[in-house]
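To keep things clear, I will list the structure first and then write my remarks on it.
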Amino acid sequence: MAGKTVNENPMSEIRIGDVTAKWARNNHLHVEYKAQQESTNLTAKELAFEEDLLEEALCLFVTDHQTAGRGRGKNTWTDSTAGSSLLSSWSYLLPMMPQPTASCLVGLAVYRACSTTWPFLKWNLKAPNDIYIGDKKVAGILLETVAQSDEARFIIGLGVNVTSSPANVETSTSILQSLPEGAPLLGEDYTAFLDRLVFELSDAASHCDQPLSPTDQLSLLHALNLHPLLKEKYTAMEADGSLYMGAKKINWSEL
């Protein structure tokens, strides 16, 4: 993929999971890659405190196809053609338990990674866990925590439609589909995205037990209010993640 454009290759030969695993190895990250599995979050939870992984502050689990991809609550995550999406779980070993603000921080982290890499696309955040380009969903986030003694595995499940999106989901899109006509999806752009993503996710995980800073609050308000399907703009945000539409208070966890 490096040095070539994604759309110069036959779609069947592109394996985003494989490409991501190679990137992780090149960056000396512990990665577990399988071409197909039930769910990367499920695998991450099962291996959360395996003895061989206890020395790994970050473990990355990736696949090219999930047979039982999960979303928030009872929702599912459907990927398109095998290998067309980033299907991943980023498992951080932490000395503290994540707080509700963790969801805000991770959403902002993914938004920042995307908008930094492809700033000409209309990225926006739909609370609590979806990344959009314009009015189409391109990525979803599922957070889970597994605790043992005084440590926790903070698992960030992230699915991103990279080269295609499910044909039967009209409200979805992919990065490649959203690029201007004639613009390629460069391999070096995708790896730059991963570089930025791991930086942003690691930063979010490092203070996921803390209140939101004023900068985080303003950044989240900006990203949320860019969402074109939002009927009314958010007017304020508190350090605990609570949002306001005028005098109406909305808890992030209830969105």
Note to self: From the protein chains alone at 1.4 Å, what is the descending order of accessible area for ARG25, ARG153, largest first?
What the structure shows: ARG25, ARG153
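For the chain, with every protein chain kept in place, what is the accessible area per residue (1.4 Å probe, Å²)? Provide the component values of the computation, followed by the final result.
Values: 11880 Å² over 255 residues.
On a per-residue basis, 47 Å².
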Note to self: Leaving ligands and nucleic acids out of the surface, order LYS248, LYS136 by accessible area at 1.4 Å, largest first.
What the structure shows: LYS248, LYS136
Next item on the list: Note down the accessible area of TRP252, probe 1.4 Å, to the nearest 10 Å².
Entry: 20
Next item on the list: Multiply the residue gap between ILE250 and GLU238 by 0.36 nm, knock off their C-alpha separation, and tell me the result in nm, one decimal place.
Entry: 3.3 nm
Notebook entry, point to check: What accessible surface, in Å², does a 1.4 Å probe find on THR20, ignoring ligands, DNA and RNA and rounding to the nearest 10?
Noted result: 0
Next item on the list: Calculate what fraction, in whole %, of the accessible area of the chain sits on carbon and sulfur atoms when a 1.4 Å probe is rolled over the protein chains.
Entry: 49
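Could you order ASP18, ASP150, ASP52, ASP135 so the one with the most accessible surface comes first? Probe is 1.4 Å.
Working: ASP18 45, ASP150 115, ASP52 135, ASP135 75 Å².
So the residues, ranked largest to smallest area, are ASP52, ASP150, ASP135, ASP18.
The values are calculated or read from the model by the stated rules, or taken from the named source; none is laboratory data. Because the structure is predicted, anything quoted here is derived from the model rather than measured. The accessibility values were calculated without ligands, DNA or RNA, using every heavy atom of the protein model including side chains. Shrake-Rupley method; radii C 1.70, N 1.55, O 1.52, S 1.80 Å.
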